[in-house]
Amino acid sequence: MFLYCGIACRRKFFWCYRPLSTYVTKTRYLFELKEDDDACKKAQQTGAFYLFHGLAPLLQTSAHQYLAPRHSLLELERLLGKFGQDAQRIEDSVLIGCSEQQEAWFALDLGLDSSFSISASSHKPEMETELKGSFIELRKALFQLNARDASMLSTAQALLRWHDAHQFCSRSGQPTKKNVAGSKRVCPSNNIIYYPQIQVNLRELETAAWFSHDEVATALKRKGSYTQQQNGTFPFWLPPKLAISHQLIKEWVEKQTCSSLPA
């Protein structure tokens, strides 16, 4: 019985360790792409692209949910060429993640760049027909996407929006230039570097606070209504189970639990 328990525990640790190891590998790979322009350009050759138009992702309908199609570099170049656009437009794409097999994922908005948006807008219906999908506002489609696509598209939208709002240096007024991955923008006139910043907006949030792993894990197990505690306060609220944010919080708790198991 002791031997059986030992084997079972080792197996449990092994399966918890594998996702953690994969996470570290992916993180290191993404860091390399963010810091090395040549490596990122190489990754684009075999990577996949999510397409947006005016910050609305391209989605396809399947049964009762939306799917986010991905396109290869060759497919994207063919699309741009068909609508009279230069393949250099791909330089506006941003890195948003990668698979466990280190296939890099990028996002490109076809309707934000001023030199391209007028033409892109006029061709939008044709693009949707060509791509067999529709550009749909993310907030309208969020609950009909799977957890991975919802997270990926939210990240992409936020990063694309940030780049669109930071095309000029706040000090010199000169145009800024992004690196290949889109992890930063630089002002060539004074070398000021701008980084995307996920910070508390006091106009949108009533309050923000830090919570420990145990507090979040306890909140996930809590059932029923949120009743007032003895000290007069209420336990912090978690989104409902159907919300994407709930699933992301749950995934984080499970990963932290696995990584804390003894060897």
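For Lys177, go through the lysines and keep the ones whose alpha-carbon is under 17 Å away, minus same-chain ones fewer than eight residues off. Excluding near neighbours in sequence, the set is Lys34, Lys41. Taking a ≥ b ≥ c as the square roots of the Cα gyration tensor eigenvalues, the stretch 26-92 comes out oblate, since a/c reaches at least 1.5 and a/b does not exceed b/c.
Rounded, prolate or oblate: pick one for the stretch 31-181, where a ≥ b ≥ c are the square roots of the eigenvalues of its C-alpha gyration tensor, a/c under 1.5 means rounded, and failing that, prolate if a/b is larger than b/c, else oblate. Rounded, since a/c falls under 1.5. Here's how it looks for Phe106: its modeled amide H is under 5 Å from those of Ala48, Phe49, Tyr50, Ile96, which are all 5 or more places away or on a different chain.
The slack between Trp252 and Val24, meaning 0.36 nm per residue of separation minus the straight C-alpha distance, is 80.6 nm. Straightening the chain between Leu67 and Glu32 buys 9.7 nm, computed as 0.36 nm per residue apart minus the Cα-Cα spacing.
Rounded to the nearest 0.05, what FRET efficiency do Ser189 and Glu100 have when you use their Cβ-Cβ distance and R0 = 25 Å?
E(calc), rounded to 0.05, equals 0.05.
Extension gain for Trp210 to Lys82 (0.36 nm times residue separation, less C-alpha to C-alpha distance): 41.1 nm.
The Lys241 and Phe168 beta-carbon pair, evaluated with R₀ = 35 Å, returns a calculated FRET efficiency of approximately 0.20. Taking amide H atoms as placed 1.01 Å from N in the peptide plane, the amide H of Gly182 lies under 5 Å from those of Leu95, each 5 or more residues away in sequence or on another chain.
Quick one: accessible area per residue over the stretch 38-86, 1.4 Å probe, rounded to a whole number of Å²?
Details: 2490 Å² over 49 residues.
That works out to 51 Å² for each residue.
The values are calculated or read from the model by the stated rules, or taken from the named source; none is laboratory data. All of these numbers come straight from a predicted model, not from anything done at the bench. Please note: Cβ atoms are built from the backbone with ideal geometry, for glycine as well, and neighbour counts cover all protein chains shown. With ligands, DNA and RNA removed, areas are computed over all heavy atoms of the protein, side chains included. Shrake-Rupley method; radii C 1.70, N 1.55, O 1.52, S 1.80 Å.
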